[in-house]
Amino acid sequence: MSQNNATKMVPLPTDVIIPERDLGKQPVLDIRNLGIDFGGLTAVDGFTLTVGKTEIAGLIGPNGAGKTTIFNLLTNVYQPTRGSILLQGIDTKGMTTAQVNRMGIARTFQNIRLFGGMSVIDNVKVGLHNSIKCSALSSILHTPHYYKTEKAARARCLELLDFMGMADMAQYQAGSLPYGAQRRLEIVRALATKPAIILLDEPAAGMNPSETAELMDHIRRIRDEFEIAVMLIEHDMNLVMGVCEGIAVLNYGKIIAKGTPEQICNNPAVIEAYLGKKGAADHASEG
Amino acid sequence: MRLWKSKTSRQNIITLAAVIIVFSAVFFMNQGGMLSSSLSGQLVPICVYIIMALSLNLTVGILGELSLGHAGFMSIGAFSGVLAVTSLGQAIGNPLLLMIAAILIGGVLAAIFGFLIGIPVLRLRGDYLAIVTLAFGEIIKNVLNCLYVTIDPDGLHAAMFSGAKLPGKFIINGPQGATVPEKLSNFGIGFVLVIIVMLIIMNFVHSKEGRAIKAIRDNPIAAESVGLNITSYKMKAFVISAAMAGMAGVLFAMNYSAIEAKKFNFNTSISVLVMVVLGGMGSLRGSIVAAIVLTILPELLRGFDDYRMLIYAIVLILVMILNSNQRFLQFKITLKKKITAMFRKKEAAKK
Ligand SMILES: Nc1ncnc2c1ncn2[C@@H]1O[C@H](COP(=O)(O)OP(=O)(O)OP(=O)(O)O)[C@@H](O)[C@H]1O
Ligand SMILES: [Mg+2]
C-alpha cells in the first residue's frame, strides 16, 4: 500500500549504510518497518534503519515529522503499532523504558528533563544508580561498604562531568544552570547509565555557535572514547552535516531519504521537504 | 547559577544532636519528678506523633505522594501489638524484650498492608494513593470495630460479629476496643524509637535509594529513562513509611490500658498531615517541632477542642496558599537574607 502512493519517494537503497569499521559487527540498532498511529493520525510509518556499533547517525526532518516520536518508540515510551526494534540483536518488545535503558539505550530530551531540585553531581549519580552495588539495608545502616560505593560513585561522576567540561559545576543546583550546561548535563547523565547507544534530541537547541562547535567535538569524543553509537535529531544543519556519518530524513512520518551527508545535501526530495516545491525549484535554478 | 544547598546533611546531624540533648534533659527532669503530671503524661504521645509525622513526611514530603490514611497503619500496629503482647506475654518474661517484639510485629504487619495497597496503586500516576489510603483508613477502622478476639490456653479465637460465643478472655472486644495487658511504653523506649526512625530516614534519603526517590519526584519520565523502576522505589519508601506508622501505633497502644479503633480515624490522619505540612514538606526538623507543638497545644487549649479540626483546616489552606505564592516565597528569602546579614554585622562589630 505505502509503496503505491509514494510517488515522490526516491528509491531507498536496499543495502544497509553503516560505516566501514562497523561492517561485520552486530549493529546496535536494527529497526524494521516501525510505525505508530495516534488515533487516526499515522505519526510514523515504515521506518527502517540500521545503526552501526560506533556510528554517528542523524535523524532530520521538518517540524512535526515524527522524529521525537521515533525516540519515544525506541525507548518504549510508546508501544509501536507495527514493526520491531532489535537492540544488539534482542527484540525490545514489551520491555519497560527502564529495562530498555538497562539494555543499552540512553537518551536526552528535546524539552530538557533534569532533576532540577537536585545538585549537578546528584543528577549524574542517579544516572549511575544501577551500577552502584549497595543493598538497601547497607544504605540504611551506612555500612563501610556504603561509604566505599558512594566514594567510587562520586569519583566516577566527577570524571564524567569533567569529560563534558562541567566538573566545576558539580555542586550547583541543576535547574539553575544556563541552558547549554543543562543540555550537556543531560548528556552526562545519559552516559552514566553505560549505554550502547545514546539518543540526543536536538542537543544544540538554544546553544550559541561556539557552544555548538564544542558540542560537535564532544559528540565525536563520546563515540571515540566510550566506543558507542550516537543517534541525534537536530535542526542545525552545520552540526548534522559536520558529525553524522549516515543521515535519515523524515517527512510526515516516513523516511524520504537515507545516505551520507553529501547524498542528503543534493537529494531533491529532501530539498523539497524543507523548502517546499517552489523553494526547491528556485534552489535548483540558483544551483 | 545557584549553589546547591548541601547543608542538609549537616542540618540533619544538628537536628539529631538537638533531639538527643532536649530528650535527655526532659528524660532526667521526668525521672527527677520535675515535670507537671500532664506534661509527663504527654511524653509518649509526643514520641508517637513525632514518629508518625516523620513517617508521613517520607511519603508526602520526600516521595511526593499523598497518604490520607496514615492512622490506618497506626491502628494495625496498635492492635497487632496488643495481640502480640497478650499472646507472647507468657513466653517472653522480660517487658523490654516483649515490647521490642511487639514493635517489630506491629511494624511488619503495617508494612505488609502498605505493600498490598501499593501493588495496585503505586503503578498509577496521579492522586490515586490519596483516595485509596483514605478508604483504607476508614475500612480498617470499621473492620477493627467489629472484630472480636479472645485468648485461652488453646490460643487465639476470632470472630467478626458480636453474638459469637468465643472461649476464653477477650483481648479485642468490638467497639469497646482492645485491652492492653500491661503498660509497656515509657518515654525511654519512645526516645530510642524516635532516634532510630530519624536515623533510618536520614540514611535512607542520603543513599542511592533516596536519590532515586527524589529523582522520581522531580521528573518521573527522566527517572525511567535512566533505568529506574519507578514503582519499586515508590514501594520501598511507602512500605518503610507504613512500617514506621505501625511501630508508632504499638508505642501508642502500650501507653494505655485500653484502645479503641475509632481513635485512629480520619481526624488523626489529618492531624499528622497538618504536622508535616506545617513543619515543611521534606523537612525532618520541621516535622519534629510541629509534632511536639501540635501534640501539646490541644491539651493546653482544652476549651477549643470543638474548633480544633476547623482551625487545622484553615491553617492547612493558608499554608498551601502562602507556599504557592511567589511573592510570599520571595519575601521569605529576602527576610532570611536580612536576618543573616544582621547577625553577620553584629559578629563583625564584636570583632
Ligand atoms: N502522544 C501523542 N499523541 C498524539 N499525537 C502525537 C503524540 N506525540 C506526537 N504526536 C504527533 O506526532 C507528530 C510528530 O511529532 P514529533 O514530536 O515526533 O515531531 P518532531 O519531528 O519531533 O518535531 P519537532 O522538530 O517540532 O520536534 C506530530 O503531529 C504530533 O502532534
Ligand atoms: Mg521533536
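The values are calculated or read from the model by the stated rules, or taken from the named source; none is laboratory data. Remember, predicted model here, so these are calculated numbers, not experimental data. Cβ placement follows ideal geometry from the backbone for every residue including glycine, while neighbour counts extend to all protein chains displayed.
Key figures
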| item | result |
| --- | --- |
| For B:Gly168: the one exception among (1) loosely packed, with under 15 Cβ neighbours inside 10 Å; (2) free of Cβ contacts under 8 Å to residues at least 60 places away in the same chain; (3) under 24 Å from the mean Cα position of the chain (by Cα) | (3) |
| Residue in the stretch B:239-253 that is touching a strand residue (DSSP E or B) at 6+ places or on another chain (Cβ under 7 Å) and aliphatic (A, V, I, L, M) present | yes |
| Residue ID - farthest from the chain's Cα centre (by Cα), chosen from residues in the stretch A:73-114 that are within 12 Å of chain B (Cβ to nearest Cβ) and at positive phi | A:Asn76 |
| Single residue of A:Ala174, A:Ala229, A:Ala181, A:Ala152 found to be touching a strand residue (DSSP E or B) at 6+ places or on another chain (Cβ under 8 Å), within 14 Å of another protein chain (Cβ to nearest Cβ), of a type in the set (A, V, I, L, M) and away from ligand 2 (no atom under 16 Å from the Cβ) | A:Ala174 |
| Top-ranked residue in the stretch A:184-202 [being within 11 Å of another protein chain (Cβ to nearest Cβ) and touching a Gly at 6+ places or on another chain (Cβ under 6 Å); ranked as nearest to B:Arg2 (Cα to Cα)] | A:Arg189 |
| Tally of residues being away from ligand 1 (no atom under 16 Å from the Cβ), at pLDDT 95 or above and closer than 20 Å to A:Leu114 by Cα across the stretch A:187-211 | 11 |
| Residue check for B:Gly77: surrounded by 13 or more Cβ atoms within 10 Å (Cβ to Cβ) and either closer than 29 Å to B:Thr133 by Cβ or more than 14 Å from chain A (Cβ to nearest Cβ) (or both) | yes |
| Complete set of residues in the stretch A:184-225 that are farther than 23 Å from A:Ser131 by Cα and in a helix (DSSP H, G or I) | A:Pro209, A:Ser210, A:Glu211, A:Thr212, A:Ala213, A:Glu214, A:Leu215, A:Met216, A:Asp217, A:His218, A:Ile219, A:Arg220 |
| Meets criteria (surrounded by fewer than 17 Cβ atoms within 10 Å (Cβ to Cβ) and either within 16 Å of ligand 1 (Cβ to nearest atom) or more than 11 Å from the chain's Cα centre (by Cα) (or both)) for A:Glu245 | no |
| Selection status of A:Gly66, within 16 Å of ligand 1 (Cβ to nearest atom), within 30 Å of A:Ile256 (Cα to Cα) and touching a helix residue (DSSP H, G or I) at 6+ places or on another chain (Cβ under 9 Å) | no |
| Residue in the stretch A:110-121 that is surrounded by fewer than 16 Cβ atoms within 10 Å (Cβ to Cβ) and within 16 Å of ligand 2 (Cβ to nearest atom) present | yes |
| Scan of the stretch A:81-109 for residues that are crowded, with 20+ Cβ neighbours inside 10 Å and within 15 Å of ligand 1 (Cβ to nearest atom), ordered by number | A:Thr97, A:Arg107, A:Thr108, A:Phe109 |
| Residues within the stretch A:115-149 that are closer than 21 Å to B:Leu3 by Cα and more than 7 Å from every other protein chain (Cβ to nearest Cβ), tallied | 4 |
| Residues of the stretch B:53-103 classified as more than 26 Å from B:Asp218 (Cβ to Cβ), in contact (Cβ under 8 Å) with a residue 12 or more places away in the chain and among the aliphatic types (A, V, I, L, M), total | 15 |
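Matching residues to (1) within 14 Å of chain A (Cβ to nearest Cβ); (2) part of a helix (DSSP H, G or I); (3) in contact with a Phe, Trp or Tyr (Cβ under 6 Å, 6 or more places away or on another chain):
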residue: B:Ile201; (1), (2), (3): yes, yes, no
residue: B:Ala212; (1), (2), (3): yes, yes, yes
residue: B:Ala215; (1), (2), (3): yes, yes, yes
residue: B:Leu228; (1), (2), (3): yes, no, no
residue: B:Met235; (1), (2), (3): yes, yes, no
residue: B:Phe238; (1), (2), (3): yes, yes, no
residue: B:Ala242; (1), (2), (3): no, yes, yes
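Conditions tested, residue by residue: (1) of a type in the set (Ser, Thr, Tyr); (2) within 16 Å of ligand 2 (Cβ to nearest atom).
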site: A:Ile60; (1), (2): no, yes
site: A:Asn63; (1), (2): no, yes
site: A:Thr97; (1), (2): yes, no
site: A:Arg102; (1), (2): no, no
